[in-house]
Structures are given as structure tokens and as C-alpha cells.
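Encoded as C-alpha cells, the structure appears first; notes follow it.
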Amino acid sequence: DDVYRFLRGLSGDEALAAELTQDTFFRAFRSVGQYRGESELRVWLCSIARNLFYSHCRSQKHLDPDADLNTLPDGDTPITDLIEDKAVAMQIHAILHEMREPYKEVFSLRIFGELSFREIGTLFHKTEHWACVTYHRSKAMIQEKMGERSL
């Protein structure tokens, strides 16, 4: 479930997320001997999933789906509540698609992968504090872009 949600957040495409989730577990099964146990298993799986997604994007020249970007959500609404609205979720996915790393991935891991800041920090070989700061910066960037797109 965690891997699928993470991939769904990165891709914005349920079918692609399902396909890449299967590929993730296939690759993990084939290389389970390489798992060193330095991080939680789901962090390792999300790392494999991330690499598969990026490989897919490079090979397909992945394009963002058309989205209605004309709604301006108020700045006080928590971003997790906004994601439940499908139109606003599409806005967020479109903005994520344009964001640079590590902001895009940290946001996706936190919101869609539901990883803790500690787990995200471990995945990036950084501190929990770094993950928290990076997440909040990415959230602020998304909220700013949402305001710009609706003008």
C-alpha cells in the first residue's frame, strides 16, 4: 500500500502506479540479498519504486496530464485536505511535476508515501530535521504556485 501510494503521488496515474508497484516488488524479490537492513523495508521499497518511476519517465518522456488550474484554494487549508479534492489534487500533481528535487520527492514521500521525517531523512542519508525543513519548503512552494496559476 505504501509503495502504491508513493508511486501514485509521483505519477498521478493509478494504472502506472499499479504497474510500477508490481515491478518494484519483482525487483525487490530478485535483489532481496542486497537489502542491508540499514533502513525500514518500506523505505528500501520506495527507493526502488522511485528509481523505476524515474527510469519510466526518462524512457517515455513522461508528460503531465491536462489539469484544470483555475481554482484558488485558500492558503489556510491543510494541504492534505486539498489532496482529497480531485481537481486540486491534479493541480498539486502538475506543480510537483515541475518542481526540482529533492522537494518533489520529499513532499511525495511525506504525503503520498506517508513516511515519517526520520524515514525520509534515512532514505536521503540526511537528518530528520533536513527532511522536515525540505518538506515545509516544498509545501510552501506548492501553495505559492497554486496562487500564481489561478491568477
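The values are calculated or read from the model by the stated rules, or taken from the named source; none is laboratory data. Predicted model only: the values in this text are computed from it and were never measured. Methodologically, a virtual Cβ is constructed for each residue, glycine included, from the backbone with ideal geometry; neighbour enumeration extends over all protein chains shown. Heads up: the accessible areas ignore ligands, DNA and RNA and are worked out on the full protein's heavy atoms, side chains in. Shrake-Rupley method; radii C 1.70, N 1.55, O 1.52, S 1.80 Å.
Out of the residues in region 116-132 meeting the condition of being within 21 Å of I95 (Cα to Cα) and touching a Ser or Thr at 6+ places or on another chain (Cβ under 9 Å), tell me which one is surrounded by the most Cβ atoms within 10 Å (Cβ to Cβ).
Within region 116-132, the first condition is being within 21 Å of I95 (Cα to Cα), and the residues that meet it are 120, 131-132.
Cutting the leftovers down to touching a Ser or Thr at 6+ places or on another chain (Cβ under 9 Å) gives us 120, 131.
Numbers: I120: 26, A131: 24.
Of everything passing the filter in region 116-132, I120 is surrounded by the most Cβ atoms within 10 Å (Cβ to Cβ).
Looking at region 120-148 only, could you name the residues that are closer than 19 Å to L41 by Cα and either assigned to a helix (DSSP H, G or I) or touching a Cys at 6+ places or on another chain (Cβ under 9 Å) (or both)?
Looking only at region 120-148, we keep the residues that are closer than 19 Å to L41 by Cα, and these are 120-128, 131.
Within region 120-148, I120, G121, T122, L123, F124, E128, A131 meet the criteria.
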Answer yes or no as to whether S59 is modelled with pLDDT under 80, of a type in the set (S, T, Y) and out of contact with any Phe, Trp or Tyr (no Cβ under 9 Å at 6 or more places or on another chain). yes
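Could you please give the count of residues in region 77-115 that are among the acidic types (D, E), at pLDDT 80 or above and open to solvent by 80 Å² or more (accessible area, probe 1.4 Å)?
Residues of region 77-115 among the acidic types (D, E): 81, 84-85, 98, 101, 105, 114.
This time we only want the ones that are at pLDDT 80 or above, so: 98, 101, 105.
Cutting the leftovers down to open to solvent by 80 Å² or more (accessible area, probe 1.4 Å) gives us 98.
Residues that pass the stated criteria total 1.
In the set D64, D74, which member is of a type in the set (D, E), modelled with pLDDT under 85 and open to solvent by less than 80 Å² (accessible area, probe 1.4 Å)? Talk me through it step by step, then tell me what you get.
On the way: D74 fails: open to solvent by less than 80 Å² (accessible area, probe 1.4 Å).
Checking each option against the conditions leaves just D64.
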Which count do you get for residues in region 1-58 that are over 20 Å from E119 (Cα atoms) and open to solvent by 70 Å² or more (accessible area, probe 1.4 Å)? 10
For region 95-151, the count of residues that are without any contact (Cβ under 8 Å) to a residue 24 or more places away in the chain and under 11 Å from the mean Cα position of the chain (by Cα) equals 1
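May I ask you to verify whether R36 is free of Cβ contacts under 8 Å to residues at least 60 places away in the same chain, at negative phi and not in a helix (DSSP H, G or I)?
Details: free of Cβ contacts under 8 Å to residues at least 60 places away in the same chain: yes; at negative phi: yes; not in a helix (DSSP H, G or I): yes.
Here the answer is yes, as R36 does meet what is asked.
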